[in-house]
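Heads up: the structure comes next, in structure tokens.
The values are calculated or read from the model by the stated rules, or taken from the named source; none is laboratory data. No experiment lies behind these values; they were computed from the predicted model shown. Here Cβ is always computed from backbone atoms with ideal geometry, including for glycine, and neighbour counts include all displayed protein chains. Note: accessible area is taken over every heavy atom of the protein model, side chains too, but ligands, DNA and RNA are not part of it. Shrake-Rupley method; radii C 1.70, N 1.55, O 1.52, S 1.80 Å.
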Amino acid sequence: MAEKSERPCGLAINLRSISPTEDSSGSCDSISDTPSQPPSSPLKSKPENVRMFRRSNRTIYTAGRPPWYDSQGQLKEPFVIGLCGGSASGKTTVANKIIEQLGVPWVSMLSLDSFYKVLTQEQHEAANRNEYNFDHPDSFDADLAAMVLKKLKEGKSVQVPIYDFKSHARLEQKHDLYGANVIIFEGIMAFAYKELRDLMDMKVFVDADPDVRLARRLKRDIAERQRDLVGVLQQYNKFVKPAFDQYIAPTVVYADIVVPRGGENSVAIDLIIRHVRNQLEQVLPMAFRAQLRSAHQGQPLPSSLSIVESTPQVRGLHSIIRNEEASRDDFIFYSKRLMRILIEHALSLLPFTKNVVTTMEGTKYEGRKFDGKRLCGVSILRAGETMEPALESVVKDIRVGKILIQTNEYTSEPELHYHRLPKGINDDHVLLMDATVATGAAGVHTIAYAYPKVKIVTAEVDPEVNDKFHIIPGIVSGRMRRILMMVYHEGISEIDISEQQFTKWTEFIPQGKN
Amino acid sequence: MPELLAKGRKDTQEESLDRARGEKCSVGMENGVAPSDEKPPNHLQEFGPQLKIIKINEQVRELQTIIRDRETERGDFVFYADRLIRLVVEEGLNQLPYESCSVKTPTGAMYEGLAFQRGNCGVSIMRSGEAMEKGLRDCCRSIRIGKILIKVNEETKTPMVYYAKFPPGMEQRRVLLMYPLLSVELVLKKFPSVTILTSEVLSDCPSSFGQRYFGTD
């Protein structure tokens, strides 16, 4: 494995070609001449070319991320495939074929190579003399790898270290990797640690004839890396072969499936695909929106829902906003007023504590103050953004994040495309803003059921949803504005939510096609 | 409102308005508004239905606290006073007459709503009352707003109307008379046909709203 010291830097998984059409020996050079598909804006991309969208070498997904939880708010645990096998055995080819044939959006690849231990000065020098054994279980930080994989499995975003093979240390920057529907974890020692094995739902051992593997290595190292035959053989005999015999080959006993002949074995790969698909269908129910609509029908509105008092003014505002003859100018003006009333109402639901102040006259005044660390807003593009001015005019200097969720025209499922959230949102009280909840009362029920700690604040709830998911009586059908709505989430820290998780429940508010 | 104004012209008492029981952000209004089921707290019931208090929640209490706090900087004072004023104005608008109406929504369904009647106006009492004009204007883009300036005559030591400008047809209009602090007791004694809407009734009278809001002496 000493050839790794020649890599300019980096995350092994980043350097590997993921394209099944390319040479899949895992060489870093093959990537440079891979004309990567342009990561055209996910907003504009057509469904047909989005299905296997590629932005980096690590993730293949549709334009956005579909829900990773079911309509009860339970996380759909991703399926983890462990891939183990000797150096140059064809692990990457197998991984690519799995990704390609699965056709499942959001597959993440994680490589054990990212978790090489940081070397001491002595070890670093030995490595430079090709005398450090990278092919040993002790050279990997398995605890860290297990922690990262575990978090990924919980649907949380993780930071994957980037190992620099020049300095044999981790770079300061890290790679953000988000949870996925399928996670492929690969590495020569992938099965060598129990804590990692326990996290894998399926363990695949890629086996290739030792002669074939040596031939591949020779070809790769000599032809592509200008190394001499003697050096490569020396390294092979000293580290690579003993390591395989001693640590890698025995782990085949943990494998569920052994794939002989590596990536060329299309029958074996086909079997794997079938099995994974089968498993995924059980854990990833589709028709998310239809489920939302049918769930909780005919029940009284949940207690976590708070509706603005229906004063004459509020009803008057609704009458103007909902009127199909309302001019755009009136629509904007009066919805702004309603939003301000809504936000004032939402703020009144925050926790407060007693606060005694001294007045200008010198007397004491017993009042209240906000009893929380901070407040921030998150608007759901695009309709949610219209509420930002109202929020900003009521809360001074509020930080506002954004989330973009769009409907996949093919599947009619909501997909997460973009999110930028204020730092430290875990500690904040968050006002999540959207102008309407397309699924109406059903959506409100679902949010309340799946996320009981989320307070929902709205100006009005329309009772019915028709089969086109249009709310009756509705607001503006052309733009699908149905109920004026704001969701408000209290005490995120209590459920220790990561940014990624935080966004997940926002998808209960599917966006209309604006 | 003509009554109130007519009387006011003769014997408005700015001094006394600011004295005794002070209250914040009052919207004085002619009576004849929709009756409210809400009753003020016990000690205020002596004023009867002529005194209304906006819905108080902890958020409103926080606003009131910030405005009373002498440590509050002027920028914050103005910001939070504006917020409180807006809440009072919104509630004030609720007191105006309306009629039911149904509108057709873009989905084709009917929405049973209501429409407010026209023919209202605002009058601010200079100078502190002007602080409330913005709140009213932000809610009603085209509402007519008049002004009254009352000062104590140096010679006679009595308050006098120095200046008054009203929208046409005043006698036909419902008037939202705006002033941030005034004495509930005195006003209601003099003008029993007026409804007062406020956010808080205090036993100790805060002073200097105008000074802090406008940054003047």
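For region A:119-218, which fully contained strands (runs of 3 or more DSSP E) count at least 1 residues that are under 17 Å from A:Met109 (Cβ atoms) and hydroxyl-bearing (Ser, Thr, Tyr)? Spell out how you get there, then give the answer.
Working: elements: A:158-164, A:169-177, A:182-187, A:202-207.
Once the strands (runs of 3 or more DSSP E) in region A:119-218 are filtered for at least 1 residues that are under 17 Å from A:Met109 (Cβ atoms) and hydroxyl-bearing (Ser, Thr, Tyr), what remains is A:158-164.
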Practice task
Kindly provide the set of residues from region B:136-162 that are modelled with pLDDT of 90 or more, open to solvent by 60 Å² or more (accessible area, probe 1.4 Å) and part of a strand (DSSP E or B), ordered by number.
Solution key: B:Arg144
Practice task
Could you pull out the residue among A:Lys354, A:Lys373 that is within 10 Å of chain B (Cβ to nearest Cβ) and charged (D, E, K, R)?
Solution key: A:Lys354
Exercise for the section: Look through region B:93-135, keep the residues that are assigned to a helix (DSSP H, G or I), out of contact with any Asp or Glu (no Cβ under 8 Å at 6 or more places or on another chain) and within 12 Å of chain A (Cβ to nearest Cβ), and return whichever of them is farthest from B:Pro168 (Cα to Cα). Expected result: B:Asn94
Handout entry: Selection from region A:328-348 of residues that are more than 7 Å from chain B (Cβ to nearest Cβ), buried (at least 16 other Cβ atoms within 10 Å of the Cβ) and not charged (D, E, K, R)
Key = A:Phe331, A:Tyr334, A:Ser335, A:Leu338, A:Met339, A:Leu342, A:Ile343, A:His345, A:Ala346
Practice task
For B:Ser102, work out the one condition from (1) out of contact with any Lys or Arg (no Cβ under 8 Å at 6 or more places or on another chain); (2) open to solvent by less than 50 Å² (accessible area, probe 1.4 Å); (3) modelled with pLDDT under 90 it doesn't fulfil.
Solution key: (2)
Practice task
Could you check, for region A:381-396, whether at least one of its residues is within 7 Å of chain B (Cβ to nearest Cβ) and not hydroxyl-bearing (Ser, Thr, Tyr)?
Solution key: yes
Handout entry: Candidates B:Glu171, B:Glu130, B:Glu185 - the one that is open to solvent by 20 Å² or more (accessible area, probe 1.4 Å), under 12 Å from the mean Cα position of the chain (by Cα) and acidic (Asp, Glu)
Key = B:Glu130
Fill in the blank from the handout: Considering region A:296-327, residues that are over 24 Å from A:Pro452 (Cα atoms) and acidic (Asp, Glu), and then whichever is nearest to the other protein chains (Cβ to nearest Cβ), we arrive at A:Glu324
Handout entry: Residue list for region A:305-361, restricted to those being under 35 Å from the mean Cα position of the chain (by Cα) and over 21 Å from A:Met433 (Cβ atoms)
Key = A:Phe352
Practice task
Among the candidates A:Val230, A:Val258, A:Val253, single out the residue that is within 30 Å of A:Pro78 (Cα to Cα), among the β-branched types (Val, Ile, Thr) and free of Cβ contacts under 8 Å to residues at least 12 places away in the same chain.
Solution key: A:Val253
Completion exercise
Exactly one of A:Asp228, A:Asp209 is acidic (Asp, Glu), open to solvent by 20 Å² or more (accessible area, probe 1.4 Å) and closer than 23 Å to A:Ile81 by Cα, and that one is A:Asp209
Practice task
Could you check A:His136 against (1) touching a helix residue (DSSP H, G or I) at 6+ places or on another chain (Cβ under 7 Å); (2) buried (at least 17 other Cβ atoms within 10 Å of the Cβ); (3) modelled with pLDDT of 80 or more and say which number it fails?
Solution key: (2)
Exercise for the section: Would you tally the residues in region B:70-92 being facing chain A (nearest Cβ under 7 Å) and touching a residue at least 60 places away in the same chain (Cβ under 8 Å)? Expected result: 1
Completion exercise
Given the conditions (1) more than 30 Å from A:Leu350 (Cβ to Cβ); (2) facing chain A (nearest Cβ under 7 Å); (3) touching a residue at least 60 places away in the same chain (Cβ under 8 Å), every one holds for B:Gln64 apart from (1)
